[in-house]
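The values are calculated or read from the model by the stated rules, or taken from the named source; none is laboratory data. The model shown is predicted, which means the values in this text are computed figures rather than measured ones. Every residue, glycine among them, receives a Cβ derived from its backbone with ideal geometry; neighbour counts consider all protein chains shown. The protein model used for the area step is the full one, side chains on, heavy atoms only, and it has no ligands, DNA or RNA in it. Shrake-Rupley method; radii C 1.70, N 1.55, O 1.52, S 1.80 Å.
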Amino acid sequence: MAINNKRRLLLAGAGAGGLAITAAAVIAQTQERVIKVVAKKFDFTPGEIRLKKNQPVTLEFTTLDVVMGFALPEFGLRADILPGTTARIRFTPDKVGQFPFHCDIFCGSGHESMTGTVIVS
Amino acid sequence: MDHAIKRRSFLKLAGLGGAIYVSGLSGWASAAATAGSAYQDFFFVQLSDTHWGFEGAPNPDAHGTLQKAVKAVNSLEQQPDFIVFTGDLTHTTDDPQERRKRLREFKEIVADLKVKDVRFMPGEHDASLDNGAAYQEFFGKTHYSFEHKGVHFIVLDNVSDPAGSIGEAQLAWLAAELQPLPADANIVVFTHRPLFDLYPQWDWATRDGAKAVELLMPHANVTVFYGHIHQEHHHMTGHIAHHAAKSLIFPLPAPGSQPKRTPLAWDDAYPYRGLGYREIEAEAAPKTDFKIVELPLQKG
Ligand SMILES: [Cu+2]
């Protein structure tokens, strides 16, 4: 893949410059998955987030209308999602399974069905 | 307490029959009368989650269920000392005018209750979209306390904040309420959401509920009655008992019993199944003991 090639080039370049440690950190960061999640009344897209155990991930949240909350209780994670900003949660799933998430800031009739699933394999 | 025993055994029998629950109360009422004023026993009725304004398949009689409940309570032979609605009086709407219309209609319908001592509190459907503004126009404060026959009742608001927190200000108020009460005072707390983490996956919790429970913990006699989850449920946090009431609009699934917290479907063969209200009988001496009787809504 082109992106991986670029990363390798970056690593090679950084290594050549004697910045191996920094480069390793850059690699770790750039290889990390970022998943964008868009909230709107009364839906999260995607509603299914597939993750790999022990692989760090950053979830990036935006909302198209009102203030929303993202809560993933089984990992003790939550975030406020404010209009016009991006909320981020970085974590490494340490267990396999299906874990429900939901909006935990009341946003109207339909709020109760604003749910989804994190699937860790 | 003879009358209490008679009443309980009647209710037990009625439960076996599963149909009539009202007529036998007269025996209890007259027994209570002859018992004189030595006992401070009393009972109250809890109704919850009426969601006035809701329309949909889970309750094809959404426009008639609340009136039915009012009628059922009015037809209790022995009228309760007071009635409490534990939130979600109305179903939410984005329209502030429509919200007020629903609150007004709800208030008009429940004005037909024979018992005039009725206590209200909001649910998130009533109050979360405007932080309780419309609710307060019709029903006043969202948290307050009152005394009844030696029991200290505390109404907590864990819904006006759309995130479902009680908040520091209200927790400070709660602490001040509890401070002058003796350690063995009889305390009853009414809330909409559960104060403990019943099933946070479905938002069945209060974000800072543990702080309220912590404040209540030093008191030996505390009981919490709440709504929100549209089903009967009983749970202990230490010595504090928490009891959730049924809804009057549609039942919800048991916590975690299905992937989504979608309402249980209406069944024409068993209309109003899973809906109902409860009587709570407080036996005063030596310490307040609560007998809970779940009453169904029935066809007809
Ligand atoms: Cu509710």
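Assessment of the stretch B:140-148 against the conditions (in contact (Cβ under 8 Å) with a residue 40 or more places away in the chain, out of contact with any Leu (no Cβ under 8 Å at 6 or more places or on another chain) and outside any loop (DSSP other than H, G, I, E, B)) yields at least one matching residue. Screening B:234, B:219 for residues that are touching an Asp or Glu at 6+ places or on another chain (Cβ under 8 Å) and without any contact (Cβ under 8 Å) to a residue 60 or more places away in the chain leaves exactly one candidate, B:219. Of everything in the stretch B:90-124 that is assigned to a helix (DSSP H, G or I) and within 16 Å of the ligand (Cβ to nearest atom), the residue that is nearest to the other protein chains (Cβ to nearest Cβ) is B:124.
Here's the yes/no breakdown for (1) within 12 Å of chain B (Cβ to nearest Cβ); (2) touching a residue at least 40 places away in the same chain (Cβ under 8 Å); (3) closer than 23 Å to residue B:92 by Cβ:
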| residue | (1), (2), (3) |
| --- | --- |
| A:57 | no, no, no |
| A:64 | no, no, yes |
| A:89 | no, no, no |
| A:108 | yes, yes, yes |
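Checked against (1) within 16 Å of the ligand (Cβ to nearest atom); (2) surrounded by fewer than 15 Cβ atoms within 10 Å (Cβ to Cβ), residue B:261 passes all but condition (2).
Each residue in the stretch A:39-83 was checked for being aliphatic (A, V, I, L, M) and surrounded by fewer than 16 Cβ atoms within 10 Å (Cβ to Cβ), and 2 of them qualify. Among the residues that make up the stretch B:68-84, is at least one of them within 16 Å of the ligand (Cβ to nearest atom), buried (at least 17 other Cβ atoms within 10 Å of the Cβ) and more than 14 Å from chain A (Cβ to nearest Cβ)? The answer is yes, given that some residue of the stretch B:68-84 is within 16 Å of the ligand (Cβ to nearest atom), buried (at least 17 other Cβ atoms within 10 Å of the Cβ) and more than 14 Å from chain A (Cβ to nearest Cβ).
All but one of (1) within 14 Å of another protein chain (Cβ to nearest Cβ); (2) among the aliphatic types (A, V, I, L, M); (3) away from the ligand (no atom under 16 Å from the Cβ) hold for residue B:127; state the number of the condition that does not hold. The single condition residue B:127 does not satisfy is (3).
Restricted to the stretch B:223-240, and to residues there that are open to solvent by less than 20 Å² (accessible area, probe 1.4 Å) and not in a loop (DSSP other than H, G, I, E, B), the residue that is nearest to the ligand (Cβ to nearest atom) is B:226. Picking from residues in the stretch B:179-204 that are open to solvent by less than 10 Å² (accessible area, probe 1.4 Å) and aliphatic (A, V, I, L, M), the one that is farthest from the other protein chains (Cβ to nearest Cβ) is B:187.
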